[in-house]
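**Student:** Dumping the structure here so I can ask a few things about it.
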Amino acid sequence: MNRVDRVEIGPCRAADVPLLGRFLPTPGAPARHAERFARQEAGAGTYLLARRDGVPVGNGQVRWDGCAAPEVRTAFGDCPEFNGLDVREDLRGRGIGTALILAAEDLARERGRTALGLGVADDNPRAAALYARLGYVRVLTYTDRWSWTDADGHRHEEADPCTFLVRDLSDLRDLSDLRGSGIGG
């Protein structure tokens, strides 16, 4: 597998937010990066970034209070959720998404958490295959609902059929082949 060298993974900083809008835009949801950073600043999440030469090339958010979907919250309470994984399109398939997930798992372990969950849209088989390879197990189907406000101030409601997956973080299987890939920081 072709991997990207020297990708640094770490929490988002205030100075990163404008860079995210430039290098990893969220069409139709221009405030998404700022909202995730604000969640981090409030202590409710950690907004992880992958940076290459100081430029954001990927991101994902750990929600420490769990998934917002009522079906998932009822079943799994405050199991932390990793969501919003995104890698720049021209760099996908090079291990950046894996590095972000492994960093999220490490953060969860550091906080004494024993599991990490994530959702995958039913129309995203590539992501589902990655999560299965990393040991995530399908546990619940649900509808992911969210809203966003466009640049004109109009609010939009969205819904996607999804599957929630969970990984037992006490599973100490050897992931050194993934961690030692030249990606990290």
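**Student:** Explain nothing, just the number: dipole magnitude of the stretch 85-137 about its Cα centre with +1 on each Lys and Arg Cβ and -1 on each Asp and Glu Cβ, in debye rounded to the nearest 20. Don't jump to the answer; show the numbers that get you there.
**Tutor:** Values: 8 positive and 8 negative charges, 38 e Å.
Roughly 180 debye, rounded to the nearest 20.
**Student:** Residue separation times 0.36 nm, minus the C-alpha to C-alpha distance between T143 and E8: what's the value? If you can, show how the numbers build up before the last one.
**Tutor:** Numbers: separation 135, 0.36 × 135 = 48.60 nm, distance 3.30 nm.
So the extension gain works out to 45.3 nm.
**Student:** With only Lys, Arg, Asp and Glu charged, each at its Cβ (+1 for the first two, -1 for the last two), find how big the charge dipole of the chain is about the Cα centre; round to the nearest 20 debye. Present the calculation step by step, with values, prior to reporting the outcome.
**Tutor:** Details: 25 positive and 28 negative charges, 94 e Å.
The dipole of the chain has a size of about 460 debye.
**Student:** How far, in nm, would the chain grow between A115 and D65 when pulled straight, counting 0.36 nm per residue and subtracting the alpha carbon separation?
**Tutor:** On the way: separation 50, 0.36 × 50 = 18.00 nm, distance 1.26 nm.
Gain on extension, A115 to D65, equals 16.7 nm.
**Student:** List the relative contact order of the chain as a percent without decimals, with contacts defined as Cα pairs under 8 Å and 6+ residues apart.
**Tutor:** Relative CO of the chain lands at 24 percent.
**Student:** Please report the carbon-and-sulfur percent of the accessible area for the stretch 25-182; probe 1.4 Å, protein heavy atoms only, DNA, RNA and ligands left out. Display every interim value, and only then the final one.
**Tutor:** Working: 3870 of 7850 Å².
Ligands and nucleic acids excluded, carbon and sulfur reach 49 percent.
**Student:** Let me ask you something else. Compute the Cα gyration tensor for the stretch 1-156, then decide on rounded, prolate or oblate, letting a ≥ b ≥ c be the square roots of its eigenvalues: rounded whenever a/c is under 1.5, prolate when a/b is larger than b/c in the other cases, and oblate in all that remain.
**Tutor:** On the way: a/c = 1.36, a/b = 1.08, b/c = 1.25.
Rounded, because the longest to shortest axis ratio a/c is under 1.5.
**Student:** Using 1/(1 + (r/R0)^6) with R0 = 30 angstrom and r between the beta carbons of A34 and A75, what's the FRET efficiency to the nearest 0.05? The partial results should precede the final answer.
**Tutor:** Values: r = 30 Å, r/R0 = 1.02.
With a Förster radius of 30 Å, E is 0.50.
**Student:** Determine, at each q value in 0.21, 0.26 (inverse angstroms), the log₁₀ of I(q)/I(0) that the Debye formula gives when each Cα of the stretch 112-153 is one equal point scatterer.
**Tutor:** With no solvent term, the Cα-only Debye profile gives -0.79, -0.99.
**Student:** Also, quick follow-up: Under a 1.4 angstrom probe, counting protein chains only, how are T98, T74, T149 ranked by accessible area, largest first? Could you put the intermediate results ahead of the total?
**Tutor:** Numbers: T98 10, T74 125, T149 65 Å².
Ranked list, largest accessible area first: T74, T149, T98.
The values are calculated or read from the model by the stated rules, or taken from the named source; none is laboratory data. Please read all numbers here as calculations on a predicted model, not as lab measurements. As a convention, Cβ positions derive from the backbone with ideal geometry for all residues, glycine included, and neighbour counts pool all protein chains shown. The area values use the complete protein model at the heavy-atom level, side chains included, leaving out ligands, DNA and RNA. Shrake-Rupley method; radii C 1.70, N 1.55, O 1.52, S 1.80 Å.
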